[in-house]
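Engineer: Provided herewith is a single structure, encoded as structure tokens, for subsequent inquiry.
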Amino acid sequence: MRERILPILQKHARQRESLIPVLQEVQAELGYLPPEAITEIAQFLGISRSDIYGVASFYAQFRFEKQGKYAVRVCQGTACHVRGGKRVLGEVVYQLGIEPKHTSPDFKYSLETAACFGACALAPVMVVDKTVYGRMTTTQVKKVLSQYP
Amino acid sequence: MADLNLTIDGKQITVKPGSTVLDACKQAGIYIPTLCFHPDLTPYGACRLCIVEIEKMRGLPTACSTPVTEGMIVKTDTDQIKNFRRGVLELILTEHPHPCLTCWRRERCGPYDICLRNVDVTLRCVLCPKNKICELQEVTDFIGIDKVEFPYVYRNIPIDHENTSFERDYNLCIKCGRCIRVCQEIRGAAAIAWTMRGSEALPGTAFGISLKEADCQYCGACVDACPTGALMERDRRWEGEKEKQVLTTCPYCGVGCQLNLAIKDGKIMESVPARENDVNRGQACVKGRFGIKEVVHSPERLTTPLIKRNGKFEKATWDEALSLVSSKLGSYAKDATAVLSSAKTTNEDNYVAQKFTRVVLGNNNIDHCARLCHAPTVTGLAATFGSGAMTNSIREIGNAKCVFAIGTNTSESHPVIALEIKKAVDKGGKLIVGNPRGIRLTNFSDIWLRHAPGSDVPLLLGMCKVIVDEGLEDKEFINSRCENFDDLIGSLKNVKLDEVEKITGVPQETIKKAARMYATNKPATILYTMGITQHTTGTDNVMAIAYLAMLTGNLGKPSSGVNPLRGQNNVQGACDMGALPNVYPAYQSVTDAANKSKFEAAWGVKLSDKTGLTVTEMMDAAHEGKIKAMYIIGENPPISEPDANHAVAALRKLDFLVVQDIFMTETAQEADVVLPATTFAEKVGTFTNTERRVQMVRKAVEAVGESKPDWQITSLLAQKMGVKGFDYQNASEIMTEINQLAPSYGGITHARLETGGLQWPCPNADHPGTPILHTNQFTRGKGRFMPLTYKPPAELPDAAYPLTLTTGRSLYQYHTGTMTRKVKGLNDLLPENLAEINPADAAKLNVQNGEMVKVSSRRGHINAKVKITDVSPVGVVYMNFHFAESAANILTIAAIDPVAKIPEFKVCAIKIEKI
Ligand code: SF4
Ligand code: SF4
Ligand code: SF4
Ligand code: FES
Ligand code: FES
């Protein structure tokens, strides 16, 4: 882990301003921000781990768990909400056995919620990797997921 | 800048420039509800409860963050304001249990009363530890809310019981951010931060790890900052309101934090740092904050005198014990007795102890453990400046442009001074750290000089050389204020930077950078402690530091100077009081005939003009049978002395030993008679902190059992021995005698100290005290340079003992642990001694983290657990010295500095073996 992070750190100045770019690059390298990475960054920048975690957890873009092979996102925006987005999410949670912001133990799926994909006409919407599935029903969830073994 | 005028609710007010509208309202006696505001923190403007109306300003500005401008017209009481505040508060209350907050019966409701509204216990104010001292209650009562329209959802977060000092119940958190801000802004720990965002945001640690893993210092600053019951000292939780509070001085270190002890039923409930003073300003550390009540009220306290009969201690009356001691002590030849006084007891106690030695025993055999920490400071600075104390004050450090901290792990041993260093850095000052080990300070230092243990002189001379070579010295200061500059120039001739690099292990370029940084950012201050003094070259080290400061003119000015941070709470005072073998109070030499006759006249007896024995010499003399009896007050040589086995053997050789202490220490075990003393909380007196500030110690609770203040025991003993001049009625009478005999304490009376500390020299009753020494001239006239050369440590690693051992102390324990090891919370934080070694050494020895190993030197061996960390450089092992069961001082060497006679605790050769 260290060998992969150090080269990134060394490109940056040891100052607070480097924090966000460092977090982004480390996440790009590792796919997520594990505790060991936060510790390395903390030591390098002289900022406490809690402080870094606080900043990272403020932004939705940062993840603290290893990501699954497929990114499953279910919209909870207003349009999707009124059209049953919550039920779709419930079904996905049931099918995958994980809560939003988590990854299945076999690292196949990571589940996230989103606040509108800009495809409200198709509400309720779920997205797997880059493919959009509109007008979802609970029965369709299993079918969609089965395409991602 | 001129004062500003403004009108608040029709009242005319004049305030100091820089005041906020909130300050002005306070001054006008107008209450403004606040929640996120805290007087020690920068305004945050988040809770929006403090809003006011200001003419010509749009909207409702927050009083806490709006600066006053000339002619402002402020209203605090309009309907618009009231409605807005009510709305804001209602929103806050949707996230905080509030049934009781909005109930008219709250004032009258007891914890076990049946609630008429059937409110769940978890939601009841009367069951909250903060009840009646909660700021949220105060604010709600002021604003007046009888119901909350929005639904309340209990967060249902488990209470964090992980540390024994305080608990965290985030169900009660109102997200004011005060805990986080104090932890980041003031403590620089950032153990907690805002985590998550939006409605999920809460203070927390990275990944929810424990506070300990998050590098929390357990200072309790967050607890004191929290307006609600979310953060509470654990033992205090159900104790309710205090009956009274007593302001006193912390007994744990030389910072001398002012603490308010809250008292109920004759017991200390909590100790909260006081805000209105120039020392700690609302801050403290884990020892002062959480480590006091358990010590004072410990069931292990000595409560009666004890006499050893047939190898067993038996209870005795004061009269029996004192009679025995007096007949015994009186039976030896004049030079066969010695006294060890204590850097933990008050000035008054020390004064009486040294007077007892000189008047009753008739010799000068008195010393205390300052020998073991700062004797080189006294000798080194006396030779160069003429007086061996901190030249400047704690509160000035925060304004320094450069701080050079060498041989001090300030965050661990002087936590509150470390906050000042952080302040200096936050204001843009530079920080240079000189330390072989990685410490908290190195996290935010500009330059880290990681020099080999014992190579301070070459490092410092190297820096001096760079400064002189590059013409960065302050020629004006050197010419007008110093003498013998050529001696330094002569010494620098022999200094070659490439050799310095080899000895110290610090690259030349880094030394150059550090020298330039120190010489060009003025004012610059140097802080140092045991890393400099505990060497055979301790005096040389101190002088080299003094030269660096003299060379750059960094003396006699605010925020500059040479600042030895004294370790124990009253080590400065014990020295000032003459608990030293060579001087009377205020450093008046015993060999000087004029001093002798002055004290003979004052005390009415003939005195000895022979310099007495130092601690280490006493132990040797006891071993050789030359000292037959000792009177040890509050000291514990078997743990604190170097080559501890030798010290125990010496004590056992004594014919008679009397020990006066608060606990049955390792030393007391060896005694013939043990006399129970009171703690600081049970007596009146004064401590002198590291910046020469004399501060009151006040009686907070009644003495435990039959224990008595140290000065009183010593005086009773003197009276028993038929000597006059010890009939003091109280501590302030002793101070009056000190005023007459110690010129630098001439104007320091208890009456004056009631309103705040005074820094010596303070020669008369009208003198305001001296925050900065050597302003116009040095105490000895001119600052003196002397030749200096490098001498290696007494014992260097070799084939048989290939590693270097260096010792120190930790934030969580104090000295020999007599006091702090009684505190559960502190023991949890640092329960055992660890041998910290570098991963490379660990690999070579094939030992694992947590493995028990045998650590041995030429003097003895102990077992300790290994901690593998790159904080320790290769080849260097670090251990704390607080632990009796694995006493690091069994290993250390008794080689001493020839001038100051301090033992070399910081360097000795050892080996580590698997067991
Ligand atoms: S105890 Fe001190 S260091 Fe720990 S979280 Fe609270 S303020 Fe921060
Ligand atoms: S824990 Fe206390 S101080 Fe910290 S944010 Fe919550 S209420 Fe404020
Ligand atoms: S031990 Fe020192 S820093 Fe800690 S509270 Fe006491 S005086 Fe202050
Ligand atoms: S609300 Fe779901 S796509 Fe817009
Ligand atoms: S106190 Fe002013 S905004 Fe909170």
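Where a number appears in this text, it was derived from the coordinates with a stated rule and is not lab data. Given the structure is predicted, the values throughout are model-derived calculations rather than measurements. Note that each Cβ is placed from the backbone with ideal geometry, even for glycine, and that neighbours are counted across all protein chains shown.
Engineer: Taking a label point 7 Å from the Cα of B:V246 along the Cα→Cβ vector, which residues of the range B:718-757 have an amide N closer than 15 Å to it?
Structural biologist: B:731-732
Engineer: With no other cysteine's Cβ closer than 4.7 Å, which Cys residues of chain A count as lacking a disulfide-compatible partner?
Structural biologist: Those would be A:C116, A:C120, since no other cysteine Cβ in chain A comes under 4.7 Å of theirs.
Engineer: Moving to a separate point now. Straight distance only, please: which aspartates and glutamates reach the Cα of A:K142 with their own Cα at less than 19 Å, same-chain residues fewer than 8 apart left out?
Structural biologist: Once the sequence-local aspartates and glutamates are set aside, what remains near A:K142 is A:E91, A:E99, A:D106, A:E112, A:D129.
Engineer: Helix-only mean residue ellipticity at 222 nm, chain B, DSSP H runs n ≥ 4 weighted -39,500 (n - 2.57), per residue, nearest 500. What is it? Mind dumping the intermediate values first?
Structural biologist: Values: 31 runs with 252 residues, N = 915.
Mean residue ellipticity, 222 nm, calculated: -7500 deg cm²/dmol.
Engineer: At B:N310 and B:L796, where each label point lies 7 Å from the Cα along Cα→Cβ, what is the point-to-point distance in nanometres?
Structural biologist: Label-label distance for B:N310 and B:L796, simple model: 5.8 nm.
Engineer: May I ask you to derive the relative contact order of chain B, considering only C-alpha pairs under 8 Å and at least 6 residues apart, and to give it as an integer percent? Write out the running numbers ahead of the final one.
Structural biologist: Details: 2048 pairs, mean separation 118.6, N = 915.
About 13 percent, as a whole number.
Engineer: Within straight cross-link reach of B:K315, meaning Cα distance under 19 Å, which lysines are found once same-chain residues fewer than 8 apart are removed?
Structural biologist: Counting by Cα, and skipping residues close in sequence, B:K315 has these lysines nearby: B:K328, B:K708.
Engineer: Relative contact order for the range A:2-58: what percent, with Cα pairs under 8 Å and sequence separation of 6 or more? Could you put the intermediate results ahead of the total?
Structural biologist: Numbers: 38 pairs, mean separation 21.0, N = 57.
Relative contact order comes out at 37 percent.
Engineer: FRET efficiency for A:T138 and B:D141, Cβ-Cβ distance as r, R0 = 45 Å, nearest 0.05?
Structural biologist: Working: r = 51 Å, r/R0 = 1.13.
Using R0 = 45 Å, I get an efficiency of 0.30.
Engineer: Also, quick follow-up: Kindly flag which residue pairs out of B:K132/B:K267; B:K130/B:K683; B:K293/B:K683; B:K344/B:K854 have an alpha-carbon separation exceeding 24 Å in this structure. Don't skip to the end; give the middle numbers.
Structural biologist: On the way: B:K132/B:K267 20 Å; B:K130/B:K683 30 Å; B:K293/B:K683 15 Å; B:K344/B:K854 33 Å.
Beyond 24 Å: B:K130/B:K683; B:K344/B:K854.
Engineer: Which FRET efficiency value, to the nearest 0.05, do you get for B:K475 and B:K502 by plugging their Cβ-Cβ distance into 1/(1 + (r/R0)^6) with R0 = 45 Å? Present the calculation step by step, with values, prior to reporting the outcome.
Structural biologist: Values: r = 31 Å, r/R0 = 0.69.
It comes out at approximately 0.90.
Engineer: Please give the helix B:644-653 orientation as an angle from the longest Cα principal axis of chain B, in degrees from 0 to 90, rounded to the nearest 10.
Structural biologist: 60 degrees
Engineer: Aspartates and glutamates within cross-link reach of B:K699: Cα-Cα under 12 Å, excluding same-chain residues under 8 positions apart?
Structural biologist: List returned: B:E682.
Engineer: Distance check, please: which entries in B:K26/B:K56; B:K175/B:K212; B:K242/B:K427; A:K66/B:K175; B:K355/B:K782 exceed 27 angstrom between their Cα atoms?
Structural biologist: In this structure, B:K242/B:K427; A:K66/B:K175; B:K355/B:K782 exceed 27 Å between Cα atoms.
Engineer: Give the share of C-alpha pairs in each 20 angstrom bin for the protein assembly as shown, from 0 to the last occupied bin, in whole percents, shortest bins first.
Structural biologist: 11, 38, 34, 14, 2, 0
Engineer: Then there is this: Using the structure shown, list the pairs from B:K264/B:K287; B:K475/B:K598; A:K69/B:K865 with a Cα-Cα distance above 32 Å, or answer none.
Structural biologist: On the way: B:K264/B:K287 21 Å; B:K475/B:K598 42 Å; A:K69/B:K865 43 Å.
Pairs exceeding the cut-off: B:K475/B:K598; A:K69/B:K865.
Engineer: Here's something else I'd like to know. Restrict the search to the range B:93-149; then list the trypsin sites (Lys or Arg not before Pro) that DSSP places in a loop and that have at most 16 other Cβ atoms within 10 Å of their Cβ.
Structural biologist: Values: sites: B:R105, B:R106, B:R108, B:R117, B:R124, B:K130, B:K132, B:K147; in loops: B:R105, B:R117, B:R124, B:K130, B:K132, B:K147.
Within the range B:93-149, the qualifying trypsin sites (Lys or Arg not before Pro) (loop, at most 16 other Cβ atoms within 10 Å) are B:R105, B:R117, B:K132, B:K147.
Engineer: Between B:N5 and B:N863, what length in nm is gained on full extension when 0.36 nm per residue of separation is reduced by their alpha carbon distance?
Structural biologist: Numbers: separation 858, 0.36 × 858 = 308.88 nm, distance 6.94 nm.
Length gained between B:N5 and B:N863: 301.9 nm.
Engineer: Here is a follow-up. Going 7 Å from the Cα of B:E600 in the Cα-to-Cβ direction, what parts of the range B:714-731 have a backbone nitrogen less than 18 Å from that spot?
Structural biologist: Answer for the range B:714-731: B:724.
Engineer: OK, next. Eigenvalues of the Cα gyration tensor times 5, then square-rooted: what semi-axes does that give for chain B, in whole angstrom, largest first? Before the final figure, lay out the partial values.
Structural biologist: On the way: eigenvalues 446, 228, 172 Å².
Values for chain B, descending: 47, 34, 29 Å.
Engineer: Once R0 is set to 41 Å, what does the formula 1/(1 + (r/R0)^6) return for the Cβ-Cβ distance between B:Y31 and B:S210, expressed as a FRET efficiency to the nearest 0.05? Let's see the in-between values first.
Structural biologist: Numbers: r = 39 Å, r/R0 = 0.96.
E between B:Y31 and B:S210, to the nearest 0.05, is 0.55.
Engineer: Give the relative contact order (percent, whole number) for the range A:70-145; include only Cα pairs under 8 Å separated by 6+ residues. Mind dumping the intermediate values first?
Structural biologist: Numbers: 126 pairs, mean separation 30.4, N = 76.
So the answer I get is 40 percent.
Engineer: A further question on this structure: Using a 10 Å Cβ count of at most 12 others and DSSP loop calls, identify the longest part of chain B lacking such chymotrypsin sites (Phe, Trp or Tyr not before Pro).
Structural biologist: Numbers: sites that count: B:Y31, B:W104, B:Y112, B:Y154, B:W238.
Value returned for the longest uninterrupted segment is B:239-915.
Engineer: I need the peptides A:36-48, B:179-191 ranked by packing, meaning the mean over residues of other C-beta atoms within 10 angstrom, with the highest value on top. Kindly include the intermediate steps, with their values, before the conclusion.
Structural biologist: Numbers: A:36-48: 19.3, B:179-191: 22.8.
Descending packing order for the listed peptides: B:179-191, A:36-48.
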